[in-house]
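Worksheet for the structure shown next.
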Ligand SMILES: [Mg+2]
């Protein structure tokens, strides 16, 4: 005889509803492209916080950069850094070390590609063929990185604390750069052209990192996940393709990212954090009815919701 699930657990599941999650790019999405401010997204962040929906940064930024941002933004839970190269989960949220992860300070850390030194060595292999055509940032001092990136020296230092990639300043022609990118590919690396720099790393991306983290959260909460991704750039494509809903954020500088999906996708009318707020409010309107336990006040907050709630990280 086939065993049917216990009615009590089915009922509990129905009452709890899905665990909603927001995965977001930072620069040009939650943060303004020029000012790096997020004022226009404050009300939307508050609405998420009231519903205990975590906001999970998914960014090309480094771990120290995101930890600094967490002093002013409600990032108290997991984070995905260096374009999906690493996922960090606070140990306070997940007790047992997830498969493939390791302990790193107060976090579980899952790395999706080799450490920076591997990519530095790969780049050096090409040093004789491309002599004086690029400058690698490994070992560069804060003043030099500040000059190259336009950041303040302290921020430049945080930005160059990369654990999984080696940024290069390209000093030769675009044709030579394309040949360099081909050579990196033939060595099983991946070189991506950014605004100012060429980044050499492995085959990680924002989508793979989200898929892994989402499984951990679903297991931990015992609830299905209903997720939203928001991003403005081409490096956000894997992330925008993998979540149940996606918002492509309009940019004043470039076109929308090119996506295959058509369902569950919204193109924001406004740019940056204004478009971010527009997309979040639209998604909340669409999904609020699915969350039977959406707390109206803090008094009826359940244990699971408290575990994954959004609050400002305290250092
Ligand atoms: Mg962006």
Principal axis box of the range 62-212, alpha-carbon based, largest edge first, Å: 49, 34, 22
In whole Å, largest first, the alpha carbons of the range 116-201 cover along the principal axes 35, 25, 21
So, by mean Cβ neighbours within 10 angstrom, what's the order for 208-215, 24-31, 41-48, 167-174 with the highest one leading? 24-31, 208-215, 41-48, 167-174
What whole-number distance in Å separates the alpha-carbon centres of the range 137-155 and the range 56-130? 20 Å
With bins 10 Å wide starting at 0, give me the P(r) of the range 141-188 over every alpha carbon pair, in whole percents. 24, 38, 32, 7
Taking only DSSP H segments of four or more residues, each worth -39500 (n - 2.57), what value at 222 nm results for the chain once the sum is divided by all its residues, to the nearest 500 deg cm²/dmol? -10000 deg cm²/dmol
According to the Cα gyration tensor, what semi-axes, each the square root of 5 times an eigenvalue, does the equivalent ellipsoid of the range 177-268 have, listed from largest to smallest in whole Å? 28, 19, 9
With the alpha-carbon atoms as the only input, what is the per residue convex hull volume for the chain in Å³? 163 Å³
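Bear in mind these aren't lab numbers, they're just calculated from the coordinates by the rules spelled out. Just so you know, these numbers come straight off a predicted model, no measurement behind them. Positions of Cβ are generated from backbone atoms using ideal geometry, with glycine treated the same way; all protein chains shown enter the neighbour counts.
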